[in-house]
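The next block holds one structure in the form of structure tokens; read it before the comments.
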């Protein structure tokens with residue numbers, strides 16, 4: 001076998017010629033990557049064909065004992081990347097500017113890069129991919145989305161001969177932990193977030209997670225891969241979970257649902273008047289909304305928001321810090337990928353898979369698939385997106401309120417699926433679930449409802465997803 | 001983009017130089033592959049970088065109208081493969097000898113091969129991989145296991161930096177359809193199989209499916225990839241579902257379980273006395289069983305059999321013709337992949353993903369990862385495998401029978417977890433669920449039970465899996 005390998009490789013690396021690795025950043029994931037590189041050196045050598053040798057680890061402070069030889073540590077990431085004995089760079093620093101410079105320097109130098117930096121990728125994949133293309137280096141980023149779960153590679157490779165219509169995922173562990181706990185305990189948002197922070201499931205500054213920025217970056221990456229179209233974080237419509245109340249979970253439960261922060265990437269057919277679930281649209285008004293100005297060209301909708309989903313939906317049972325991604329494609333049908341979406345070791349597993357593939361490519365002369373954005377589908381604005389809504393109203397407890405409320409829905413062309421009246425007097429409320437309606441029509445309806453004398457307040461408006469299933 | 005691609009490629013294929021494809025076999029999957037090649041030519045060209053052109057389809061009879069130009073059809077697969085304008089070969093004929101010859105001829109000629117032929121791969125992957133290595137061609141086979149679900153690629157690539165400890169899957173749609181229907185309706189095996197045949201879920205000769213041969217071939221492939229060890233179909237312990245009765249499903253239900261045909265690939269630690277679920281073994285007798293003669297080296301157990309699993313287990317909800325595979329790895333933790341495991345279009349999706357990757361490699365000069373069997377772990381015989389058992393006995397309805405039965409279990413060192421007595425007189429039965437015990441000890445126990453005067457018959461012995469979860 002080694003004979004054959006030696007004869008076959010063309011990458012310039014022999015079986016005895018080690019492949020040098022630089023790791024940038026030694027947080028949770030970096031620490032695990034370094035551990036695996038050192039502890040599993042024999043297995044890795046056998047799988048790559050040549051030894052993977054850790055050349056150094058870039059850290060902010062070298063005066064902390066990190067359990068590895070001190071001479072491996074450096075604060076100079078730039079110099080480490082530039083070393084002639086470094087062939088592969090693992091970027092786990094996070095952040096934008098320094099990480100971007102380091103990755104570009106590596107790629108321009110023909111060094112393959114493995115990164116988990118979703119925020120950077122969501123904005124700069126085009127630039128990074130071009131740099132990789134220019135020097136025939138590899139850019140791998142499986143760990144940027146959904147931790148240990150293989151999602152990036154299946155989308156790039158396994159789906160490359162299919163037509164993806166939808167990707168829906170729970171891709172942020174912190175918010176899923178908070179929403180799962182609220183659902184289970186009935187506690188409010190603030191208290192549950194505090195508990196999540198105490199347990200280490202939320203960071204001291206949880207903004208990126210709870211406001212949906214992290215999920216939006218991942219959605220941009222997933223949509224780019226699914227639709228062969230460059231999608232950046234700015235293209236993603238985003239709402240966080242900070243406004244979700246215990247009452248939202250309670251009213252969701254009353255209709256057999258729970259609330260999840262979903263990342264939704266959808267192809268919106270530009271022809272044939274198809275609805276988002278793939279069925280033919282019956283009502284002309286909705287079809288007009290789905291594809292009013294695009295003619296024959298599909299559009300792409302990418303959005304992150306908390307939504308009700310039925311408890312029988314496969315994503316409803318994904319609890320705690322777990323992630324799951326559902327991919328729907330024309331020929332493959334519906335696929336689901338499930339596993340640990342965060343944490344040092346799971347994320348390191350994804351990084352190491354990429355690292356071994358990048359090393360094998362160095363050794364055998366292979367290449368990772370490059371960026372594919374030929375389709376250049378336009379992004380549909382959120383106002384055009386038809387979804388179902390779950391509207392919670394506090395109302396005056398008197399006759400006629402239901403008629404007044406349903407009249408406002410009808411006026412704006414929003415069809416009601418169910419209405420439920422609850423409570424009495426001051427506590428009286430109406431919970432309205434609509435059929436599919438465009439965001440713009442619903443917004444106009446809500447504005448009109450707020451004007452009604454009989455409506456005390458519009459307590460919450462949440463989308464309802466996954467009901468076609 | 002096209003400019004950059006033209007400059008970058010090294011595979012000898014320019015953007016205007018088409019990549020020729022031969023398809024061998026035009027059954028369900030072949031028909032879909034041909035349809036996708038013709039209907040989605042533009043997308044495929046954009047994704048590959050050059051057009052994919054169908055050169056011909058090898059079929060048994062050319063006098064059938066297959067909806068494609070007649071000049072594309074040929075009965076001479078060998079000549080089609082040998083054509084100088086064929087660069088990629090898709091083998092969907094099935095069977096052994098002809099398929100093997102065609103694949104070897106292609107690979108020896110430097111033509112990459114995509115195949116879904118699980119039976120062939122289970123026995124000849126070594127030979128095929130060596131041929132691919134020799135000519136630097138690619139051998140892809142995602143479609144051989146679990147249809148549309150990406151499992152092969154994640155195991156080869158995503159898990160390449162991790163240590164897989166277990167792969168458990170429902171990988172045969174026919175048997176899963178039958179067992180799901182028996183569970184739901186209470187009908188017996190023969191009637192349910194007849195219905196499955198009528199609905200097209202079972203073939204006229206269902207032997208390969210219902211006897212577990214199909215699942216065993218897939219298990220061999222999965223185990224080879226998971227453990228970097230060559231595992232062939234002959235290494236797989238195999239039992240089919242033909243002996244499963246309505247009563248088995250009924251007694252399974254009574255303990256909160258259903259019955260599934262499972263493909264189980266397990267690493268059995270040779271050191272540290274680890275149990276199969278990864279926990280440290282408490283009882284010395286079990287540890288002696290787990291690793292009696294292997295010293296420090298891990299062993300591999302690969303087996304296919306119907307087993308009880310708790311209804312709360314993730315695999316218990318995989319019904320009908322769906323497949324699912326659970327992968328447990330040291331760092332990634334538990335991953336699950338779910339989707340359509342069979343059918344023309346889903347399987348064609350997997351074939352097309354492989355075909356696009358193979359074509360991109362031709363165009364960009366890349367390579368698929370080759371075979372990795374360096375670990376060469378020994379296969380553990382089934383007699384060594386500790387599992388839990390669910391034993392169904394028809395007994396005389398008299399005092400003392402429980403004592404006699406439990407005595408036999410104790411004599412052979414098989415520890416009982418629960419015993420349930422049901423019925424009276426002629427219909428009296430005992431259902432015994434054991435703790436983990438080696439197959440050999442259980443077999444001796446069953447032989448001894450059959451000798452007891454108070455035991456009328458041992459109605460069934462089924463394994464119980466997935467209870468640690």
With criteria (1) over 13 Å from the mean Cα position of the chain (by Cα); (2) crowded, with 24+ Cβ neighbours inside 10 Å; (3) within 14 Å of another protein chain (Cβ to nearest Cβ), residue B:229 comes up short on (2)
Taking the residues in the stretch B:28-37 that are within 13 Å of chain A (Cβ to nearest Cβ) and touching a strand residue (DSSP E or B) at 6+ places or on another chain (Cβ under 7 Å) as candidates, determine which candidate is nearest to residue B:70 (Cα to Cα). B:34
Looking at the stretch B:370-382, which of the residues that are modelled with pLDDT of 90 or more and touching a helix residue (DSSP H, G or I) at 6+ places or on another chain (Cβ under 8 Å) is nearest to residue B:265 (Cα to Cα)? B:379
Lone qualifier among A:350, A:368 - being closer than 23 Å to residue A:125 by Cα and in a helix (DSSP H, G or I): A:350
With criteria (1) facing chain B (nearest Cβ under 9 Å); (2) under 30 Å from residue A:436 (Cβ atoms), residue A:390 comes up short on (1)
Residue A:392 is checked against (1) touching a helix residue (DSSP H, G or I) at 6+ places or on another chain (Cβ under 6 Å); (2) farther than 30 Å from residue B:137 by Cβ; (3) not in a strand (DSSP E or B) and fails just one. What number does that condition carry? (3)
Can you tell me how many residues within the stretch A:352-369 are more than 8 Å from every other protein chain (Cβ to nearest Cβ) and modelled with pLDDT of 95 or more? 2
Between A:146, A:122, A:132, which is at positive phi and either touching a helix residue (DSSP H, G or I) at 6+ places or on another chain (Cβ under 9 Å) or assigned to a helix (DSSP H, G or I) (or both)? A:146
Search result, residues across the stretch A:73-100 that are over 26 Å from residue A:342 (Cβ atoms) and free of Cβ contacts under 8 Å to residues at least 24 places away in the same chain: A:74, A:75, A:76, A:79, A:84
Counted residues in the stretch A:157-171 being closer than 17 Å to residue A:142 by Cβ and more than 15 Å from the chain's Cα centre (by Cα) come to 4
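Per-residue answers, yes or no, for (1) out of contact with any helix residue (DSSP H, G or I) (no Cβ under 9 Å at 6 or more places or on another chain); (2) crowded, with 23+ Cβ neighbours inside 10 Å; (3) at pLDDT 95 or above; (4) closer than 29 Å to residue B:427 by Cβ:
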residue: B:199; (1), (2), (3), (4): no, no, no, no
residue: B:209; (1), (2), (3), (4): no, yes, yes, no
residue: B:212; (1), (2), (3), (4): no, yes, yes, no
residue: B:247; (1), (2), (3), (4): yes, no, no, yes
residue: B:260; (1), (2), (3), (4): no, yes, yes, yes
residue: B:265; (1), (2), (3), (4): no, yes, yes, no
Every residue from the stretch A:42-61 that is within 12 Å of another protein chain (Cβ to nearest Cβ) and either within 12 Å of residue A:21 (Cα to Cα) or outside any loop (DSSP other than H, G, I, E, B) (or both): A:42, A:43, A:44, A:45, A:46, A:47, A:48, A:52
In the stretch A:330-342, the residues that are under 18 Å from residue B:147 (Cβ atoms) and at the interface with chain B (Cβ under 7 Å from one of its Cβ atoms): A:331, A:332, A:333, A:334, A:335, A:336, A:337, A:338
Given the structure, is residue A:373 in a loop (DSSP other than H, G, I, E, B) and more than 9 Å from chain B (Cβ to nearest Cβ)? no
Unique residue being in a helix (DSSP H, G or I) and either facing another protein chain (nearest Cβ under 8 Å) or within 17 Å of the chain's Cα centre (by Cα) (or both) when the list is A:324, A:345: A:345
Out of A:57, A:33, A:23, report the one residue that is within 28 Å of residue B:371 (Cβ to Cβ), crowded, with 18+ Cβ neighbours inside 10 Å, modelled with pLDDT of 95 or more and under 31 Å from the mean Cα position of the chain (by Cα). A:33
Failed criterion for residue A:312 (all others in (1) buried (at least 22 other Cβ atoms within 10 Å of the Cβ); (2) in the same structural domain as residue A:232 (by the TED database); (3) out of contact with any strand residue (DSSP E or B) (no Cβ under 6 Å at 6 or more places or on another chain) hold): (1)
Can you tell me which condition residue B:166 does not meet? The list is (1) farther than 30 Å from residue A:37 by Cβ; (2) surrounded by fewer than 21 Cβ atoms within 10 Å (Cβ to Cβ), and all the others hold. (1)
Could you please give the count of residues in the stretch A:148-158 that are more than 20 Å from residue B:47 (Cβ to Cβ) and more than 8 Å from chain B (Cβ to nearest Cβ)? 0
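The values are calculated or read from the model by the stated rules, or taken from the named source; none is laboratory data. Since this is a predicted model, take the numbers as computed values, not measurements. Reconstructed Cβ throughout: ideal geometry from the backbone, glycine too, with neighbour counts over all protein chains shown.
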